Amino acid sequence: MTFAELGVPKDLIKGLKEMGITVPTKIQEQTLPVLINSQVDFIGKAQTGTGKTAAFGIPLLTSINAEKKEVQALILAPTRELGQQIAKQLFKFTKYTDKIFTESVYGGEKIEIQLSRLKRPTHIIVATPGRLIDLIERKAVDISKIKTIIMDEADEMLSMGFKKDLTTILSKTKGRRNVWLFSATIPSALNEIINSYVDKNAVRVSVDKNDAVNKGIEHHFVIGEEANKLDTLTYFLKSQKNQRGIIFTKTKAAARKLSKQLTAKNYEVGLLEGDMTQKDRDKVMRAFKKGTQELLVSTDVAARGIDVANLAFVVHYQLPDQMEYYTHRSGRTARAGKTGLSLALIVKQELKVIRDLEKQLGIKFTQIR
């Protein structure tokens, strides 16, 4: 299918083409015709890296009336990075359309800056839930007229403790509005929200796990002793001269320790973990995007919303607890048609986890000796 066949207007196709997006992904094929042509509630189950932003962003942009200077849509995201990334994508999509104004608001930036930006005409607000509630309470944002509310990575918003904020926001958006919800998983807490605030006849689309796993990624693993992991990692990094990658740990403590160990071995490494201030986080991401730091050590939650082009590899220094996190992590590499490498460093007892991942995700791991 082409974007034109899916009902995407010419001026938006032109913007997509300029971004190198010419072939719709599975989620886009299933989502675009529904959301462009009908006013419905929608639940999309899809992993990160499957093209969700265009799947909801394009139909949303086609529904905005650029003449009306009021907030017509709201996109909720778990992290500042993901919010900024969505706003940036929408801006690029609309290069050849009528001017549609999107404002991104989030915690960690002075609220006064955002208050002054919101005085300008704004059609779409992309927000983290906590900051949006602050702005509503200050009467800086009126969401009573919105036609569409989108929740991206809804499961992650709940695991970050935003349930109360989400229910507050959903109950404030009175009248006829559609809810489009995207999530990698549908835990029971999310089902409660769906049952209370989403139409029971909502269209449901699920991109199955095999389609969610990027075919351009090679999956490898090394079995060794816990004590030798650091040596195995540094041996691997030597083979990846001047390539950029992310090394994942399960805990904040492990991320901090590993980043110190790599720095001691003279690696230029950035650290991302949940307790950092937004200022430090931004500094690390700037250095990583510019390429002055080639390595990033990160926990799962801290890496949400990161979109960096040309990552050669991902290393699982510790395997994640949830299978979805493996897809989230490995999906950071091999973006936009490129290839990439995902390497898991495991101890013998974890071989079972590797076999489970193969079975559940329909992928093949190669053991490196």
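Points to keep in mind about this one:
Quick grid of which residues meet (1) touching a residue at least 12 places away in the same chain (Cβ under 8 Å); (2) hydroxyl-bearing (S, T, Y); (3) buried (at least 20 other Cβ atoms within 10 Å of the Cβ):
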site: A55; (1), (2), (3): yes, no, yes
site: Q72; (1), (2), (3): yes, no, yes
site: L82; (1), (2), (3): yes, no, yes
site: Q85; (1), (2), (3): yes, no, no
site: K88; (1), (2), (3): no, no, no
site: D98; (1), (2), (3): yes, no, no
site: G108; (1), (2), (3): yes, no, no
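- Verdict on L295 being closer than 22 Å to N266 by Cβ, at pLDDT 85 or above and not basic (K, R): yes
- Where a residue in the range 273-302 is without any contact (Cβ under 8 Å) to a residue 24 or more places away in the chain and its partner, wherever it lies, is in a loop (DSSP other than H, G, I, E, B) and surrounded by 14 or more Cβ atoms within 10 Å (Cβ to Cβ), with Cβ under 7 Å and at least six apart: A287/Q293; K289/V308
- Count of the range 211-235 residues which are among the hydrophobic types (A, V, I, L, M, F, W, C) and over 27 Å from the mean Cα position of the chain (by Cα): 4
- Test set (1) more than 25 Å from E156 (Cβ to Cβ); (2) over 19 Å from the mean Cα position of the chain (by Cα) - A312 fails condition number: (2)
- Residue check for Q30: closer than 24 Å to E156 by Cβ and not acidic (D, E): yes
- Some residue of the range 214-228 being out of contact with any Lys or Arg (no Cβ under 6 Å at 6 or more places or on another chain), assigned to a helix (DSSP H, G or I), surrounded by 14 or more Cβ atoms within 10 Å (Cβ to Cβ) and modelled with pLDDT of 85 or more: no
- Among the candidates T122, T102, residue that is modelled with pLDDT of 90 or more and surrounded by fewer than 22 Cβ atoms within 10 Å (Cβ to Cβ): T122
Per-residue answers, yes or no, for (1) hydrophobic (A, V, I, L, M, F, W, C); (2) under 24 Å from the mean Cα position of the chain (by Cα):
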| position | (1), (2) |
| --- | --- |
| A140 | yes, no |
| M151 | yes, yes |
| L158 | yes, yes |
| S196 | no, no |
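- Any chance L262 is under 18 Å from P320 (Cα atoms), of a type in the set (A, V, I, L, M) and surrounded by 19 or more Cβ atoms within 10 Å (Cβ to Cβ): no
- All conditions in (1) in contact with a strand residue (DSSP E or B) (Cβ under 6 Å, 6 or more places away or on another chain); (2) aliphatic (A, V, I, L, M); (3) crowded, with 23+ Cβ neighbours inside 10 Å hold for I43, with the sole exception of (3).
- I169 surrounded by 20 or more Cβ atoms within 10 Å (Cβ to Cβ) and part of a strand (DSSP E or B): no
- Considering the range 29-62, and only residues there that are of a type in the set (S, T, Y) and under 23 Å from the mean Cα position of the chain (by Cα), the residue that is nearest to K145 (Cα to Cα) turns out to be T62.
- When the range 232-246 is filtered for residues that are farther than 14 Å from E294 by Cα and free of Cβ contacts under 8 Å to residues at least 24 places away in the same chain, only Y235 remains.
- For the range 131-162, a residue qualifies if it is on the phi > 0 side of the Ramachandran plot and touching a residue at least 40 places away in the same chain (Cβ under 8 Å), and exactly one does: E153.
The values are calculated or read from the model by the stated rules, or taken from the named source; none is laboratory data. Note that this is a predicted model, so its numbers are computed, not measured. No Cβ is skipped: glycine too gets one built from the backbone with ideal geometry, and neighbour counts run over all protein chains shown.
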